[in-house]
């Protein structure tokens, strides 16, 4: 059982009421009691999340798939916009070329310089 997952009342009860133990279980019982004391002093329980490096890493790891999904969606949107813009630009260029080809060429007068 993880003692940090106990409620605040449970941890307070463990802090106030010291454990009774057999001689062979002394080390384990004292370790458990130390953890209960630290949890009571630092107000660590199941309802609040304490700040530590491991907690920060844990939060980052749980949020990582969501962040990656959001990035992929953003990139997909950008890529689709870029494709649409390229297509629009290509169609504009084609329209310009069509309009230029539809025009009749200007008749040019040839001017010769006299010698």
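Would you confirm whether any residue within the stretch 1-8 is surrounded by 12 or more Cβ atoms within 10 Å (Cβ to Cβ), assigned to a helix (DSSP H, G or I), modelled with pLDDT of 85 or more and out of contact with any strand residue (DSSP E or B) (no Cβ under 6 Å at 6 or more places or on another chain)? Checked the stretch 1-8: no residue is surrounded by 12 or more Cβ atoms within 10 Å (Cβ to Cβ), assigned to a helix (DSSP H, G or I), modelled with pLDDT of 85 or more and out of contact with any strand residue (DSSP E or B) (no Cβ under 6 Å at 6 or more places or on another chain). Only one entry in 18, 53 is surrounded by fewer than 12 Cβ atoms within 10 Å (Cβ to Cβ) and at pLDDT 75 or above, namely 18. A search for C-beta distances below 7 Å between a residue of the stretch 4-23 that is free of Cβ contacts under 8 Å to residues at least 40 places away in the same chain and any residue that is assigned to a loop (DSSP other than H, G, I, E, B) and surrounded by 15 or more Cβ atoms within 10 Å (Cβ to Cβ), counting only pairs 6+ apart in sequence or on different chains, returns 8/45; 11/45. Looking at the stretch 87-100, is at least one residue modelled with pLDDT under 85 and more than 39 Å from the chain's Cα centre (by Cα)? Scanning the stretch 87-100, I find at least one residue that is modelled with pLDDT under 85 and more than 39 Å from the chain's Cα centre (by Cα), so the answer is yes.
One line per residue, one yes/no per condition, for (1) under 20 Å from residue 11 (Cα atoms); (2) touching a residue at least 40 places away in the same chain (Cβ under 8 Å); (3) not in a helix (DSSP H, G or I):
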residue	(1), (2), (3)
30	yes, no, no
34	yes, no, no
45	yes, yes, yes
77	no, no, no
81	no, no, no
85	no, no, no
89	no, no, no
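The values are calculated or read from the model by the stated rules, or taken from the named source; none is laboratory data. Note that the structure is predicted; figures quoted are calculated from it, not measured. All Cβ positions, glycine included, derive from the backbone under ideal geometry; neighbour counts span all protein chains shown.
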